Amino acid sequence: MKEIKNTLNKKIYYKIVCTGIAIILIGLIIDIPLLSKVEFGYLFRVILGFGLSVCLLLYPKYETDILRISIIVLASIYFYILFLLYPGSSFILLCLIPALSILFFNSKLFYFSLFLNGALILILFGYILFINQAYQYSYIQEDIIGYLLNFLTSQVIIYFIFHLTNSRMKKQQLYYEQMQQSERLKTSGQLAAAVAHEIRNPLTVVKGFLQVFEGDPSFSSERKRHFTLMIDELKMAEQVISQFLTMAKPEQEKATEIVDVKVVLQSVTDLLHSYGLLHDNRIELKVTDDCTISANIIELKQLLINIIKNAIEASDYGDLVIVTAEREKDYVVMKVIDHGQGMSEEEVALLGTPFYSLKSKGTGLGLMICFNIVEKYHGKIEFKSLKDHGTTASIRFPYQNQV
């Protein structure tokens, strides 16, 4: 029931829902001749059935938490009302009510359903034992402990089913995200291989002639200023092409070594110190000892320069950029924290996509290279961000002990 997007899923959903509504309606119609007068229980059942049907029909259009909670509450109460009105009804139906919430793949809703069902079963047992002493519930009164144990056992089984299902769904989602990232890298590589070499040579020729004209004394200073501007733009284009080639060239086995993260980060932050001062941004470095990983030092520096440079550019004038590294069990975790403009969840999800960038002149290829480097060394990169509250980039690599 989660994310009912495509037409096929909607058709299947509506067929199942319409079948369920038809069963509810048939049950109500069958009971009409049996009523000597309109009873409160029957009216309550009609209201619940109508409300549940409306919520189920509206759900594909408005997939909100309010509708999900309404479906769970109305369905739970409906089954309990049926059990009270028809004492011969199977008790197992009450035990299986939380299984409905599994279809939403939401942990909070599932635990809410478990809690609600537990509260309702206690109310039901209290009603049978202390209020309704009629013979119709004698089979429960005679073995109340057994029924309670059966109920608890069924809830534990449903919990384990949910836990296994939810774990598998998360693994599938992670696999899907990895496949998407792999496809992004493949697509950018194909694009680069197709156009980079064809564009680079003409650009080199044009830039060469412009440099000649720039040094020609026969041109006015105004014209030379135009030539300088054109050369700068061509350099920008060459830089983009170089990034494309980095993505497109075959993976070469670069020599890896045991790298002291503290030394590398100190080198990178020293390099970017003057760049940060342009906007009065100071870089603060905090690194614990024993942070060593296995990587190619040049690629690691390329990764860190990209991430820290992005943090500086995203920061407001005078903001502090914090860079940390520490050991967490079998991993070394590096974090780059800025307090700049931040990003929405949708923007964070698109990071690493070719040509997606929040910078006015950005291409998004720099972050793609970062993702590629992290994946190459079996690491993981995550971005946590909040609009107007900054961003934290976390880079995690397996810890490698120095020999």
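Quick note: the coordinates plus some simple rules give every number you see, no bench work behind them. None of the values given here were measured: they were computed from a predicted structure. Cβ: placed from backbone, ideal geometry, glycine included. Neighbour counts: every protein chain shown.
Between Q173 and L152, what is the label-to-label distance in nm when each label sits 7 Å out along the Cα-to-Cβ direction?
Computed distance between label sites Q173 and L152 equals 3.2 nm.
Filter K108/K309; K170/K286; K108/K335; K335/K376; K301/K329 down to the pairs with a C-alpha to C-alpha distance above 28 Å, please. The partial results should precede the final answer.
Working: K108/K309 39 Å; K170/K286 33 Å; K108/K335 30 Å; K335/K376 19 Å; K301/K329 23 Å.
Flagged as over cut-off: K108/K309; K170/K286; K108/K335.
Can you list, bin by bin at 10 Å, the percent of alpha carbon pairs in region 46-113, starting at 0?
Bins of 10 Å from zero give 20, 50, 27, 3 percent of pairs.
For I12 and S394, FRET efficiency with R0 = 51 Å and r from the beta-carbon atoms, rounded to 0.05? Could the numbers behind the result be given before it?
Working: r = 40 Å, r/R0 = 0.78.
Efficiency for this residue pair is about 0.80.
Which of the aspartates and glutamates could a cross-linker bridge to K61, judged by Cα under 20 Å and excluding same-chain residues fewer than eight apart?
Partners within reach: E3.
Evaluate Rg over Rh across region 55-177, taking Cα atoms for both radii and Kirkwood's formula for Rh. Walk me through the intermediate numbers first.
Working: Rg = 16.7 Å, Rh = 15.9 Å.
Radius of gyration over Kirkwood radius for region 55-177 works out to 1.05.
Between H226 and Y331, what's the calculated FRET efficiency when r is the beta-carbon distance and R0 is 41 Å? Round to 0.05.
Working: r = 52 Å, r/R0 = 1.27.
Approximately 0.20, to the nearest 0.05.
Please compute the length gained on full extension between F44 and E257, using 0.36 nm multiplied by the number of residues separating them and subtracting their Cα-Cα distance. Each step should come with its number before you reach the end.
Working: separation 213, 0.36 × 213 = 76.68 nm, distance 7.27 nm.
Here the answer is 69.4 nm.
Compute the distance in nm between two label points, each set 7 Å from the Cα along the Cα-to-Cβ direction, one at Y159 and one at E233.
6.6
Any number yet on Rg/Rh for region 285-359, C-alpha, Kirkwood?
Here Rg/Rh amounts to 1.00.
Multiplying the sequence separation of D270 and F115 by 0.36 nm and subtracting their Cα-Cα distance, what value in nm do you get? Could the numbers behind the result be given before it?
Details: separation 155, 0.36 × 155 = 55.80 nm, distance 5.54 nm.
In short, 50.3 nm is gained.
What FRET efficiency comes out for the pair L350/Y127, r = Cβ-Cβ distance, R0 = 51 Å, nearest 0.05? Show your work: numbers first, answer last.
Working: r = 54 Å, r/R0 = 1.06.
Plugging the Cβ-Cβ distance into 1/(1 + (r/R0)^6) gives 0.40.
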